[in-house]
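As structure tokens, the structure follows; a few thoughts come after it.
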Amino acid sequence: MSEKVGSGVRNVAIVGPYLSGKTTLLESLLFVSGGISRKGSILDGNTVGDGAPEARERQMSVEVSAASTVYQDIRFTFLDCPGSIEFAQETDNALIGAGAAIVVCEAEASRVLTLAPLFKFLDDWEIPHLVFINKMDRAKDSFMDVLNALKAVSSRPLVPHQYPIRSGDDTIGFIDLVTEQAYHYHSGAPADPVPMPPELQAEEQAARQEMLEELANFDDHLLEELLEEIEPPQEEIVKDLKMELGADLIVPVFVGIAEKDYGVRHLLDALVREAPSPETTAQRRGIKANREETIAQVIKTYYTPQGGKLSLVRVWQGQITDGMSLNGVRVGGIYRMLGQQTQTLQVANTGEIVALGRMESIKTGDTLSQTNTKQTVSELPKAEILPPVYALAVMAEKRNDEVKLSAAMTKLLDEDPSLAWLQDPDTNEVILWGQGEIHLKVAIDRLRRKYNLPMNTNPPRVPYKETIRQSATKVHGRYKHQSGGHGAFGDVYLDIKPRARGEGFTFSETIVGGVVPRQYIPGVEIGVREYLAQGPLGFPVVDVEVTLTDGSYHSVDSSEQAFKQAARVAMQEGMAKCSPTLLEPIAYVEISAPSDYTSNVLQLISGRRGQILGYETLSTWKGWDKISAYLPQAEMQDLIVDLRSQTMGVGYYNWKFDHLQEVPDKLAERVLATVGNNGNKG
């Protein structure tokens, strides 16, 4: 394979917060490059990106959309990624296969904080990225205010590549800080070069000097030129931009209005000049050049109505041909994607992002290689699966559909690894976990549309438990039944005692003299355990000790079953005397948020009956704090909703079950009034 194949390919992810205009930018990039002949719009529901029904219905991206086009002999594949934090897993997975990213944001300094998690991911993975400040026609803040806000949330220095030209409240063009050429935008045409506006010369010089000084931090020759006041050649500046962007050392900043195609051609030109080649990206991923060996990685899985399963893969090295075996699975078709449309290919080369058909056992994140290779290919790094933070109990509307649920859920989780589902052993509910309310609503919609599985949903029940505060001794239980022939007889005396929290259940016996024959004692324990599955308050009982101390039997009518029933009778009588009390699960929670919002988080925890354990500065994230607390699980259903509303949408948390704790009396009364004694329906 020639060098030209890989060098003529660029893979660029389009990322940014919700409503920043990413899908509109994709439409403009495809249009000005000739990839499409007519632009669609979000309102009309006819864009290349956001082609899924769930996306069109909500007018927001809910999954990655891939679209390929050619510009200046470069094959570009753009990955339009969701902006909502609830679909961040899609974005993370896609970025692993990208060579560079365009971070789209609005010209509003107060909203820049929403980019903080995205910048951190890009910086942690050392993914080259540039910023496109979109919607400059609606700018609420000055360019420099927005630039300074961006600097505050990025660990990489931001370098202005352009400076906007404004007339009143309108942005009418820009100055290229490399060439010092000014341009005016024109509808439906490339921007025209115009003389430098005299009133902007000072601002342009200051912005250009800032750009050169940042570049000089990584280029000693450029630093010498600046110190000696020598004007550096344009070729040297472009070379530095390409080198330092490719190494993820700087973040160039561009401006424009994607809806009108303003600034988009110059953005494409910069990607041609400065975006790293696939070879550079592969080296950054630690892939050693070996052109005979095929290595690819799955960055997204789709289940389509017509084509079945499609695996979107980044070809890191070598070629993929139709029919080739990868990881023991035969490739059943190679496709180049343009949103929902596909173009059949016979071969995919190094650097390309394509979809592979019918890779049934292959999952998102998997590293693919030829099965007949002599060398073992190491697994490539993949994005960490985000921990679930929001749950719904789900049930098929039609009882007969329950048999289809497992297969449908498996496919749903294959498409979206940030979903999880489980059968709760305490409540017997099927729980669907995800990243937020909208995330789960989209998943429920997909079950209905794709798999004809309409679902009922409700908040999950809290898995309350109960225990006892007092002991009861010599609790008598007798079971006697006569029905002709052999009867049934069992007679036991039990001691019931509370145990310390978390010590669980124990059963023992102190029988002497054979008053309860040894073969019947297991039946007593079984009866006790069966009763403890639902105690006097209607919930599973924990942390109790039961001892069989005495009893009697009948030589003909006694049996293990009879003693089991006698034990249940004794437990039912005795537990009511032991002052039963309700327990709730308490979670250990670690909440991470910008330091400016730490007080909001502390109030949020306190308002949910939480116990604050402490907080500290995050060593891995400047300007962020981590707050640890105990929080009742009953208070966590919509915690992520309130947390995001209190932290500009960027706060997140991890949690795990920690211990059980008595429910306050007034709350316990409300819970028990709702539940009654009809079982665990909390």
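The values are calculated or read from the model by the stated rules, or taken from the named source; none is laboratory data. Model, not experiment: these values are computed from the prediction. Cβ placement follows ideal geometry from the backbone for every residue including glycine, while neighbour counts extend to all protein chains displayed.
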Answer residue from region 490-520, given it is touching a helix residue (DSSP H, G or I) at 6+ places or on another chain (Cβ under 7 Å) and of a type in the set (D, E) and is nearest to S552 (Cα to Cα) among those: D491
Pairs with Cβ under 7 Å, 6+ apart, first in region 530-558 and within 11 Å of F505 (Cβ to Cβ) and at pLDDT 95 or above, second assigned to a loop (DSSP other than H, G, I, E, B) and aromatic (F, W, Y): L532/F505; V542/F505; V544/F505
Any pair with Cβ under 9 angstrom, 6 or more apart, that starts in region 494-508 at a residue that is at pLDDT 95 or above and ends at one that is among the basic types (K, R): L494/K474; D495/K474; I496/K577; P498/R469; F505/R499; F505/R529; T506/R499; F507/R529
Conditions (1) free of Cβ contacts under 8 Å to residues at least 60 places away in the same chain; (2) outside any loop (DSSP other than H, G, I, E, B); (3) touching a Gly at 6+ places or on another chain (Cβ under 9 Å); (4) not basic (K, R): number failed by N93: (1)
Number of positions in region 34-55 that are crowded, with 23+ Cβ neighbours inside 10 Å, more than 19 Å from the chain's Cα centre (by Cα) and not polar (S, T, N, Q): 2
Failed criterion for S378 (all others in (1) more than 27 Å from G365 (Cβ to Cβ); (2) surrounded by fewer than 18 Cβ atoms within 10 Å (Cβ to Cβ); (3) over 22 Å from the mean Cα position of the chain (by Cα) hold): (1)
Unmet criterion (only one of (1) touching a residue at least 40 places away in the same chain (Cβ under 8 Å); (2) under 22 Å from the mean Cα position of the chain (by Cα)) for I133: (2)
Identity of the residue in region 1-33, assigned to a helix (DSSP H, G or I), at pLDDT 95 or above and among the hydrophobic types (A, V, I, L, M, F, W, C), that ends up surrounded by the most Cβ atoms within 10 Å (Cβ to Cβ): L26
Positions within region 228-265 being among the small types (G, A, S) and surrounded by 24 or more Cβ atoms within 10 Å (Cβ to Cβ), in sequence order: G256, A258, G263
Test: residue in region 413-421 that is closer than 28 Å to P454 by Cα, surrounded by fewer than 18 Cβ atoms within 10 Å (Cβ to Cβ), modelled with pLDDT of 95 or more and in the same structural domain as N452 (by TED's automatic domain parsing): yes
Residue among R75, R58 that is among the basic types (K, R) and over 24 Å from the mean Cα position of the chain (by Cα): R75
Criterion: of a type in the set (A, V, I, L, M, F, W, C), within 19 Å of R644 (Cα to Cα) and touching a strand residue (DSSP E or B) at 6+ places or on another chain (Cβ under 7 Å) - qualifying residue of L95, L113: L113
Positions within region 128-164 being more than 29 Å from Q646 (Cβ to Cβ) and in a loop (DSSP other than H, G, I, E, B), in sequence order: P128, P157, H161
Selection from region 75-89 of residues that are outside any strand (DSSP E or B) and touching a strand residue (DSSP E or B) at 6+ places or on another chain (Cβ under 7 Å): C81
Search result, residues across region 583-628 that are of a type outside the set (V, I, T), in contact with a Ser or Thr (Cβ under 9 Å, 6 or more places away or on another chain) and under 30 Å from G538 (Cβ atoms): L583, Y588
Filter result (of a type in the set (K, R) and either closer than 20 Å to F78 by Cβ or surrounded by fewer than 14 Cβ atoms within 10 Å (Cβ to Cβ) (or both)) within region 304-325: R314
Cβ pairs under 8 Å, 6+ apart, first in region 60-77 and assigned by TED's automatic domain parsing to the domain that holds Q435, second modelled with pLDDT of 95 or more and aromatic (F, W, Y): none
Within region 605-682, strands (runs of 3 or more DSSP E) holding 2 or more residues that are modelled with pLDDT of 95 or more and either polar (S, T, N, Q) or within 18 Å of the chain's Cα centre (by Cα) (or both): 611-617, 652-662
Residue, surrounded by the most Cβ atoms within 10 Å (Cβ to Cβ), within region 96-115, restricted to residues that are of a type in the set (A, V, I, L, M) and assigned to a helix (DSSP H, G or I): V112
Verdict on S155 being closer than 22 Å to G623 by Cβ, among the polar types (S, T, N, Q) and touching a helix residue (DSSP H, G or I) at 6+ places or on another chain (Cβ under 7 Å): yes
Selected residue (criterion: surrounded by the fewest Cβ atoms within 10 Å (Cβ to Cβ)) from residues of region 268-303 that are in a strand (DSSP E or B) and in contact with a Lys or Arg (Cβ under 9 Å, 6 or more places away or on another chain): Y303
Unique residue being closer than 26 Å to R499 by Cα, of a type outside the set (K, R) and in contact with a Gly (Cβ under 9 Å, 6 or more places away or on another chain) when the list is V671, V663: V671
Condition met for E525 (assigned to a strand (DSSP E or B), more than 41 Å from the chain's Cα centre (by Cα) and surrounded by fewer than 20 Cβ atoms within 10 Å (Cβ to Cβ)): no
Subset tally (residues that are assigned to a strand (DSSP E or B) and more than 17 Å from F254 (Cα to Cα)) for region 176-188: 1
In region 462-494, residue farthest from G504 (Cα to Cα) [restricted to those that are over 53 Å from the mean Cα position of the chain (by Cα), surrounded by 13 or more Cβ atoms within 10 Å (Cβ to Cβ) and of a type in the set (D, E, K, R)]: K480
Options L453, L440, L432: the member that is outside any strand (DSSP E or B), out of contact with any Gly (no Cβ under 9 Å at 6 or more places or on another chain) and modelled with pLDDT of 95 or more: L453
Single condition D137 does not satisfy, out of (1) surrounded by 20 or more Cβ atoms within 10 Å (Cβ to Cβ); (2) of a type outside the set (S, T, N, Q); (3) closer than 20 Å to I257 by Cβ: (1)
Among (1) buried (at least 17 other Cβ atoms within 10 Å of the Cβ); (2) part of a loop (DSSP other than H, G, I, E, B) - the single one V515 does not satisfy: (1)
Candidate set: region 499-512, residues that are over 54 Å from the mean Cα position of the chain (by Cα) and surrounded by fewer than 15 Cβ atoms within 10 Å (Cβ to Cβ); chosen: the one farthest from T549 (Cα to Cα): V512
